[in-house]
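For reference, the structure is listed below as structure tokens.
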Amino acid sequence: MASPANSIPDTQLGLTQGEIQLLRQHQAIALSQAGNSSSRAASNASSHGRLLLDPSSLQALSSHFDRLMYSIQQRYQSLTAQTQTATQTQYDRAGNAIQAADAEIARFREILRQIDELQVEFDKVRRIGEIVKAFRARVEHLERRI
């Protein structure tokens, strides 16, 4: 078993049982990745409810957590970049949709303006038609008199 100077009871760390289990897992991974002979000692300490705290084990654990943090940061940056790309794409699509809608609104307003102009022209033609009818009626009336 690991000596008391090299290990500590896991209950003295103030961690929950889940956190202790996670710390043990990471210590085992760190020591196996480091190719450290302390891997057996850590396993032995863990089976007795203790965590190995010798300098090489702590260095391996520190390096492991540094790699883990780097991996998490890389994943975070990747997800952030993907989010920014997706957001920009949606922003561009929305901008294009707004531009298209603005163009259609302008086209519709132009059509309405042209319809108003035609309505004015129709009113003029109708008034001219009424004037012509009135002149025609007067001419016919004068013809009948003559």
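The values are calculated or read from the model by the stated rules, or taken from the named source; none is laboratory data. Only a predicted model underlies this, so the values are computations on that prediction, with no experimental measurement involved. We place every Cβ from the backbone using ideal geometry, glycine too, and count neighbours over all the protein chains shown.
Tabulated data
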| read-out | value |
| --- | --- |
| Enumeration of residues in region 66-123 that are over 16 Å from the mean Cα position of the chain (by Cα) and among the aromatic types (Phe, Trp, Tyr) | Tyr70, Phe108, Phe122 |
| Selection status of Ile20, touching a Ser or Thr at 6+ places or on another chain (Cβ under 9 Å) and hydrophobic (A, V, I, L, M, F, W, C) | yes |
| Arg109 modelled with pLDDT of 95 or more, assigned to a helix (DSSP H, G or I), among the basic types (Lys, Arg) and within 30 Å of Ser43 (Cβ to Cβ) | no |
| Criterion: out of contact with any helix residue (DSSP H, G or I) (no Cβ under 8 Å at 6 or more places or on another chain), modelled with pLDDT under 85 and surrounded by 10 or more Cβ atoms within 10 Å (Cβ to Cβ) - qualifying residue of Leu13, Leu58, Leu51, Leu31 | Leu58 |
| Boolean, Arg127 is out of contact with any Ser or Thr (no Cβ under 8 Å at 6 or more places or on another chain), part of a helix (DSSP H, G or I), among the basic types (Lys, Arg) and farther than 29 Å from Thr11 by Cα | yes |
| Criterion violated by Asn44 - all others in (1) at pLDDT 85 or above; (2) closer than 18 Å to Asp10 by Cβ satisfied | (1) |
| Residue check for Arg67: at pLDDT below 75, in a helix (DSSP H, G or I), over 21 Å from Leu13 (Cα atoms) and out of contact with any Phe, Trp or Tyr (no Cβ under 9 Å at 6 or more places or on another chain) | no |
| Of all residues making up region 11-28, the number that are within 34 Å of the chain's Cα centre (by Cα) and either touching a residue at least 40 places away in the same chain (Cβ under 8 Å) or closer than 14 Å to Ser62 by Cα (or both) | 3 |
